[in-house]
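Peer 1: Before anything else, here's the structure in question.
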Amino acid sequence: QVQLVESGGGLVQPGGSLRLSCTASGSIFDINAMGWYRQAPGKQREFVAGISEGGQTNYADPVKGRFTISRDNAKNTVSLQMNDLKPEDTSVYFCNAFVRASVSPQFDAYWGQGTQVTVSS
């Protein structure tokens, strides 16, 4: 089956930077939109950033100007460069992608397992 694996999370001080990456693997025919979500304890999962197959990007207001999403279609990878991190960015970050598996006639949403980002002094 298709799987998404995130990497790059960790502990960083306020004002610091982290770069998250997510790679899709498996029997993949095509990948459409990809994005990042985050979820803190007791809160619902929220949209952070998304990127279309053609490279159009969208950002949630709290991260505009600080985060940059990008993708490498040849590597089935989406990344999130996070700069000027703030304590309120602390969350588990999840990768999301709409993927058509080789044996499937449709696109389905897939999620990574999540990677912890903690911003604290």
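The values are calculated or read from the model by the stated rules, or taken from the named source; none is laboratory data. These numbers come from a predicted model, not from an experiment. Every residue, glycine as well, gets a Cβ built from its backbone with ideal geometry; the counts of neighbours run over all protein chains shown. These accessible areas exclude ligands, DNA and RNA; they are computed on the full protein's heavy atoms, side chains included. Shrake-Rupley method; radii C 1.70, N 1.55, O 1.52, S 1.80 Å.
Peer 1: With an 8 Å cut-off on Cα pairs and a minimum separation of 6 or more residues, tell me the relative contact order of the chain in percent.
Peer 2: Values: 311 pairs, mean separation 45.0, N = 121.
Contact order relative to length: 37 percent.
Peer 1: If I model a spin label at residue 28 and residue 70 as a point 7 Å from the Cα along the Cα→Cβ vector, what separation in nanometres do I get?
Peer 2: 1.7
Peer 1: Right, next: Between residue 44 and residue 13, what FRET efficiency comes out of the Förster formula 1/(1 + (r/R0)^6) with R0 = 22 Å and r the beta carbon distance, rounded to 0.05? Walk me through the numbers before you get to the answer.
Peer 2: Numbers: r = 27 Å, r/R0 = 1.24.
It comes to 0.20.
Peer 1: Dipole magnitude of the chain about its Cα centre, charges +1 at Lys/Arg Cβ and -1 at Asp/Glu Cβ only, in debye to the nearest 20?
Peer 2: Charge dipole of the chain: 100 debye, to the nearest 20.
Peer 1: Per residue, how much accessible area does the chain show when a 1.4 Å probe rolls over the protein heavy atoms, in square angstrom?
Peer 2: Per residue, the chain has an accessible area of 53 Å².
Peer 1: How high is the FRET efficiency between residue 120 and residue 58 when r is their beta carbon distance and R₀ equals 41 Å, given to the nearest 0.05? Display every interim value, and only then the final one.
Peer 2: Numbers: r = 28 Å, r/R0 = 0.68.
Between residue 120 and residue 58 the formula returns 0.90.
Peer 1: Run the quick spin-label model on residue 3 and residue 84: label points 7 Å from Cα toward the beta carbon, then report their separation in nm to one decimal.
Peer 2: According to this spin-label approximation, the distance is 3.8 nm.
Peer 1: Looking at the stretch 40-98, which GluC sites (Glu not before Pro) are in a loop (DSSP not H, G, I, E or B) and have at most 12 other Cβ atoms within 10 Å? The partial results should precede the final answer.
Peer 2: On the way: sites: 46, 53, 88; in loops: 53.
Here no loop site has a sparse enough neighbourhood.
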